[in-house]
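A short worksheet on the structure shown next.
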Amino acid sequence: MEWQAKIQRLYHTLLLTLGQCDLCGNNLNSNNLGSKSIPSQTLICSCCFTDLSLFKQEIIQGDLLNWPAVNKALPNIHFDHLFCLAPYLAPFTQWLPQFKYQGRFELASLFANLLAQQWLQQYLIKPASSTVLMLSVPLHSSKWQVRGYNQAHLIAKRFAHYLQLPYDNKALIRIKKNNSQVGQTGSQRRSNLGNAFILAKAFPNDIKHIILVDDVLTTGSTASEISKLLKQAGVEKVTVVAVCLTLPSS
Ligand SMILES: [Zn+2]
């Protein structure tokens with residue numbers, strides 16, 4: 001970790017220790033949302049919470065594929081349902097890199113908690129858990145060794161806990177190391193990702209619906225490649241859950 005990242009990490013740890021809002025620095029104890037048990041309310045104050053620009057799930061019926069611009073920007077995808085918390089804008093453009101590269105693990109609880117709140121508001125009835133399994137997008141082992149953790153796994157583990165759904169972090173394996181996808185087009189990403197993932201074992205027959213968790217969805221190529229593999233293995237429905245969606249440029 002670079003020294004700047006270490007200083008950033010220390011700064012945020014200090015804010016957390018002092019009970020101050022991660023975004024504005026206000027005291028959380030005098031300005032919270034009424035409960036100290038929910039992680040989203042132990043990191044940010046009620047004003048910053050209200051200011052978060054989250055997707056309005058009720059308008060899109062909890063599925064971003066219902067939004068024509070998003071649907072058009074994600075052609076030929078193999079997943080059936082897309083649930084994201086927010087567009088990839090501030091403060092998520094600071095939070096996600098801090099989480100991914102600076103080890104701010106407390107953000108995993110914030111993301112998972114916000115996702116779960118939105119999910120439960122939208123889907124009052126939980127999916128039948130005997131047919132649903134949650135997975136996360138795996139890292140290649142070499143990347144995992146360098147980073148030391150898989151950010152998607154840390155979110156998925158907590159999200160599954162909040163929704164009380166089974167989660168398997170060993171079912172999917174990434175066998176192909178790919179370079180950074182930044183700057184690549186959708187078709188370049190798709191060709192790089194061909195056969196990048198395998199299943200460690202067959203799913204039990206009763207698993208029909210997979211909820212696949214990632215941190216950010218940009219072109220959807222990774223999630224789609226995995227969904228294709230899951231469908232080939234007999235899964236009927238794939239829901240992709242990500243903290244953020246990079247909005248298509250108009
Ligand atoms: Zn605040």
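The values are calculated or read from the model by the stated rules, or taken from the named source; none is laboratory data. Predicted model, so just to flag it, every value in this text is computed and none were measured. Cβ atoms come from the backbone with ideal geometry, glycine included; neighbour counts cover every protein chain shown. Each accessible area value is taken on the protein alone, full model and side chains, heavy atoms only, with ligands, DNA and RNA left out. Shrake-Rupley method; radii C 1.70, N 1.55, O 1.52, S 1.80 Å.
Please list, ordered by residue number, the helices (runs of 4 or more DSSP H) wholly in segment 135-211 having 2 or more residues that are modelled with pLDDT of 90 or more and closer than 30 Å to residue 123 by Cα. Please lay out each step first, then the result.
On the way: elements: 141-147, 151-163, 186-193.
Where helices (runs of 4 or more DSSP H) fall fully within segment 135-211 and carry at least 2 residues being modelled with pLDDT of 90 or more and closer than 30 Å to residue 123 by Cα, they are 151-163.
Could you check, for segment 136-143, whether at least one of its residues is within 11 Å of the chain's Cα centre (by Cα) and either open to solvent by 10 Å² or more (accessible area, probe 1.4 Å) or within 23 Å of residue 198 (Cβ to Cβ) (or both)? Quick ask: steps written out before the conclusion?
Here is the first cut: in segment 136-143, the residues within 11 Å of the chain's Cα centre (by Cα) are 136-137.
Still in the running and either open to solvent by 10 Å² or more (accessible area, probe 1.4 Å) or within 23 Å of residue 198 (Cβ to Cβ) (or both): 136-137.
Checked segment 136-143: at least one residue is within 11 Å of the chain's Cα centre (by Cα) and either open to solvent by 10 Å² or more (accessible area, probe 1.4 Å) or within 23 Å of residue 198 (Cβ to Cβ) (or both).
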Criterion violated by residue 34 - all others in (1) within 19 Å of residue 92 (Cα to Cα); (2) among the small types (Gly, Ala, Ser); (3) modelled with pLDDT under 65 satisfied = (1)
Taking the stated definitions as given, is residue 167 farther than 26 Å from residue 197 by Cα and open to solvent by 30 Å² or more (accessible area, probe 1.4 Å)?
-> no
Only one of (1) within 16 Å of the ligand (Cβ to nearest atom); (2) modelled with pLDDT of 95 or more; (3) farther than 18 Å from residue 152 by Cβ does not apply to residue 92, and that is (3)
Cβ-Cβ under 7 Å pairs, at least 6 apart or on other chains, segment 26-52 side within 8 Å of the ligand (Cβ to nearest atom) and assigned to a helix (DSSP H, G or I), far side open to solvent by less than 50 Å² (accessible area, probe 1.4 Å) and modelled with pLDDT of 85 or more = 48/21
Search segment 234-249 for residues that are in a strand (DSSP E or B) and pair each with any residue that is open to solvent by 40 Å² or more (accessible area, probe 1.4 Å) and modelled with pLDDT under 95 when their beta-carbon atoms are under 7 Å apart and the residues are at least 6 apart or on different chains.
-> 237/208
